[in-house]
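Structure first, commentary second.
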Amino acid sequence: MQTHFVLLCKYDLQDIMIMAKIREDGKKEVRECMEWTDGGAIMVYRTGCLHRKQEQLTIQAHSNDGPKSVAKVSDSTILTEARKRRNSYYGVFPASAFHLSRTKVTVIGSIPTIQRPEKDSNNPRLYNADMANHGYMYAVKHKFENNDNSLEFKPLVNTYVFKIHSPAENYIEHKLMRITLRSEQKDIFLSGTFRTRLNPKTGRHTPVEAKNLTRESNHVSVYFEQGIMLGKSPEEEIIISLLALPMKHTDLILSLRFENGLFRNLRLINNNAPISIDACQRVVFSNIRVPGEIRGERIDEQAGPFSVI
């Protein structure tokens, strides 16, 4: 019987930073993780002068178990023979990001400036980022032990999740058409192409090198063609995810543009200081309140304070 090997996609504690506003009842947001996409393709590669080989595997099903998202994949000769050979093993998702130069494994990816998240089929107020095409992940493993049948993947992309509502006492009665995340620093980039090599000695990747950067690369935007109305309480908030280059980001501004030219700008802070996000983090901003009426034409509201979990 062919064994179905399990691929794990999770954030280790040192690889995750969740930003969450502490509620009045003292509860905090729970830690979230990336999820596999059924039907997605993973490239698996085995080193070795005589046994070098690569395979593309298809995710047949996945399930979520606490901080892990577990995927069962199609039959794999490489993984079936893994316990017999002491080679190094690599995994790259999506498979199209895998590139091999002699014995060096390189991940080449791109983060689009304009993104169009899909509405979740089970939650009409949840808009998911395009993880299937741009949710880059990697795995490096030296050998498989006797009872070990898994590759553990780590993120190679920054993921930002915004939970937004407009308070009922100051509700904004216009449809949201676009959100933009940008940095006030000119040398901070959120979109564009990137490349990095996987290091079998450390089990991690080399510093990310951004490529083909333009003036548009300092932001990412999400458009809603039909527009969406914000809820009036945290229980009715919309949840929007977007992706950014796997690099350190600082001094971030979230801009929301509504119909009829109305807009709001919110500076994201942590402990009364401009926010700083390390590479390859998933960050959740909770309880972002967008008022309907303000003094003047602009708002530079600090979205926070937040707490790091």
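Structure notes:
- The range 91-116 residues that are closer than 18 Å to residue 241 by Cα, paired with ones that are exposed (fewer than 13 other Cβ atoms within 10 Å of the Cβ) and of a type in the set (Lys, Arg) (beta carbon under 8 Å, 6 or more apart): none
Quick grid of which residues meet (1) part of a loop (DSSP other than H, G, I, E, B); (2) over 30 Å from residue 230 (Cα atoms); (3) at pLDDT below 85:
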| site | (1), (2), (3) |
| --- | --- |
| 83 | no, yes, yes |
| 86 | yes, yes, yes |
| 132 | no, no, no |
| 139 | no, yes, no |
| 143 | yes, yes, yes |
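- Test for residue 152: is it closer than 19 Å to residue 202 by Cα, part of a strand (DSSP E or B) and modelled with pLDDT under 90: yes
Matching residues to (1) at pLDDT 85 or above; (2) within 21 Å of the chain's Cα centre (by Cα):
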position	(1), (2)
219	yes, yes
226	yes, no
240	yes, yes
246	yes, yes
252	yes, yes
273	no, no
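- Extreme residue, nearest to residue 157 (Cα to Cα), among residues of the range 287-309 that are in a strand (DSSP E or B) and modelled with pLDDT of 80 or more: 288
- Any chance residue 41 is at pLDDT 80 or above, of a type outside the set (S, T, N, Q) and touching a Pro at 6+ places or on another chain (Cβ under 7 Å): yes
- Single residue of 158, 122, 133, 170 found to be buried (at least 19 other Cβ atoms within 10 Å of the Cβ) and not small (Gly, Ala, Ser): 158
- Among (1) aliphatic (A, V, I, L, M); (2) assigned to a strand (DSSP E or B); (3) over 17 Å from residue 110 (Cβ atoms) - the single one residue 210 does not satisfy: (3)
- Test result for residue 144, surrounded by 21 or more Cβ atoms within 10 Å (Cβ to Cβ) and not β-branched (Val, Ile, Thr): no
- Number of residues in the range 176-199 that are farther than 16 Å from residue 244 by Cα and in contact with a His (Cβ under 7 Å, 6 or more places away or on another chain): the value is 3.
- Among residues of the range 172-207, those that are among the aliphatic types (A, V, I, L, M), out of contact with any Gly (no Cβ under 6 Å at 6 or more places or on another chain) and either part of a loop (DSSP other than H, G, I, E, B) or free of Cβ contacts under 8 Å to residues at least 60 places away in the same chain (or both), counted: 2
- Any hit, the range 227-241, residues being acidic (Asp, Glu), over 30 Å from residue 141 (Cα atoms) and in contact with a Leu (Cβ under 9 Å, 6 or more places away or on another chain): yes
The values are calculated or read from the model by the stated rules, or taken from the named source; none is laboratory data. Computed from a predicted model, the values in this text were never measured in an experiment. When we count neighbours, we look across all protein chains shown, and the Cβ atoms used for this are built from the backbone with ideal geometry, even at glycine.
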